[in-house]
Amino acid sequence: MKLTRSRQFHLLASFALLILGLFVLRNRFAINVVSNSELREQIGPLPSPNYIQSLQIKCPEKTRIGRKEDGGWDACISGPFKISQPCLVYSIGMGGEWSFDHMITDKYKCLDMAYDPTLGKGDHKPKELLWFYNTGLGIANVVNSRNWKLRTFGSLLEENGHSNRTIDILKIDIEYSEWESLEAIFVERSLRNVKQLMVEFHTMEVHEGKTSTPRDFAYYFQILRGIDRLGFKQWHYLMTPTGGYTSKHTARKLPCCANVYFVNTAYLA
């Protein structure tokens, strides 16, 4: 049976959505965190050679940093991921919502390096332990068409003298630019000293109001796969309650964004 071009497109779109859905919703394995060696023993081998079925860690102890609503973030505080001084956090993108940054400095006494070029504020130190920079995260060190200064994550670390420091948390919420910024991070391998990675992922719908194509979903999948290959395993995710859209392919109501949480399993060794 010969398929029409429209039918081929819908089949490809459905397949891409299925693959992405399997990736996000794949099996999760609970780990009772007592010590690093016990954690390692309980992880065990991958349940399948299929990447989509790769191991996921469910952190048994977590805490909310910032407000309960959108703008706050969850952190794993079990075993080696417990936040203790001296701690260092990179908070990239806040959109004027500072509750995460205030709590990470006030309660946990972490040095917080905050970046956001969209606020129209110059570089300054809002409070003790909190530094703000009028700079964004990007795929290259450039000034873009909006006159925003962008730097790769590796460049930020180098500029601050943090290339060899342990980063307790890297939080990224930059409205679709996370995808290409992660491309640069993979090339630099600048996540090696990051314990926890928190990213709000966005689809094309929230970025430009366009419809995500099968190629877009394949791209999203490759970036997520890249995170996994670096040893970061997803332990938690939350669908963002705002910013949903109606799919032009299926007419279903879908979320545009999700906060996805990873831990670096190198710290379980």
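Here are some notes:
- Screening L191 against (1) crowded, with 21+ Cβ neighbours inside 10 Å; (2) at pLDDT below 90; (3) under 15 Å from the mean Cα position of the chain (by Cα) leaves a single unmet condition, (2).
- Under the condition of being within 16 Å of L88 (Cα to Cα), surrounded by 20 or more Cβ atoms within 10 Å (Cβ to Cβ) and either touching a helix residue (DSSP H, G or I) at 6+ places or on another chain (Cβ under 9 Å) or acidic (D, E) (or both), the residues counted in segment 107-143 number 9.
- Residue within segment 154-162 that is open to solvent by 30 Å² or more (accessible area, probe 1.4 Å) and part of a loop (DSSP other than H, G, I, E, B) present: yes
- Pairing each residue of segment 201-214 that is in contact (Cβ under 8 Å) with a residue 24 or more places away in the chain with any residue that is open to solvent by 60 Å² or more (accessible area, probe 1.4 Å) and among the hydrophobic types (A, V, I, L, M, F, W, C), provided the two are 6+ apart or on different chains, yields C-beta distances under 7 Å for P214/L12.
- Scanning segment 100-143 for residues that are among the polar types (S, T, N, Q) and in contact with a strand residue (DSSP E or B) (Cβ under 6 Å, 6 or more places away or on another chain) returns T105, T135, N141.
- Positions within segment 110-125 being more than 15 Å from G138 (Cα to Cα) and in a loop (DSSP other than H, G, I, E, B), in sequence order: C110, L119, G120, K121, G122, D123
- For segment 239-246, the condition of being over 30 Å from G79 (Cα atoms), surrounded by fewer than 20 Cβ atoms within 10 Å (Cβ to Cβ), of a type in the set (A, V, I, L, M) and free of Cβ contacts under 8 Å to residues at least 40 places away in the same chain holds for none of the residues.
- The residues of segment 63-101 that are open to solvent by 20 Å² or more (accessible area, probe 1.4 Å), of a type in the set (D, E, K, R), modelled with pLDDT of 95 or more and not in a loop (DSSP other than H, G, I, E, B) amount to a single one, R64.
- Scanning segment 144-153 for residues that are part of a loop (DSSP other than H, G, I, E, B) and either open to solvent by 80 Å² or more (accessible area, probe 1.4 Å) or closer than 13 Å to M113 by Cα (or both) yields S145, R146, N147.
- One residue from I169, I104, I185 being in contact with a helix residue (DSSP H, G or I) (Cβ under 7 Å, 6 or more places away or on another chain) and crowded, with 16+ Cβ neighbours inside 10 Å: I185
- For segment 76-104, the set of residues classified as under 21 Å from D173 (Cα atoms) and of a type in the set (S, T, N, Q) consists of S91, S99, listed by residue number.
- If the condition is being surrounded by 15 or more Cβ atoms within 10 Å (Cβ to Cβ), hydroxyl-bearing (S, T, Y) and out of contact with any Ser or Thr (no Cβ under 7 Å at 6 or more places or on another chain), then segment 194-221 contributes T213, Y219, Y220.
The values are calculated or read from the model by the stated rules, or taken from the named source; none is laboratory data. From a predicted model like this one, the values you see are computed outputs, not experimental measurements. Glycine gets a Cβ as well: all are built from the backbone with ideal geometry, and neighbour counts include every protein chain shown. The protein model used for the area step is the full one, side chains on, heavy atoms only, and it has no ligands, DNA or RNA in it. Shrake-Rupley method; radii C 1.70, N 1.55, O 1.52, S 1.80 Å.
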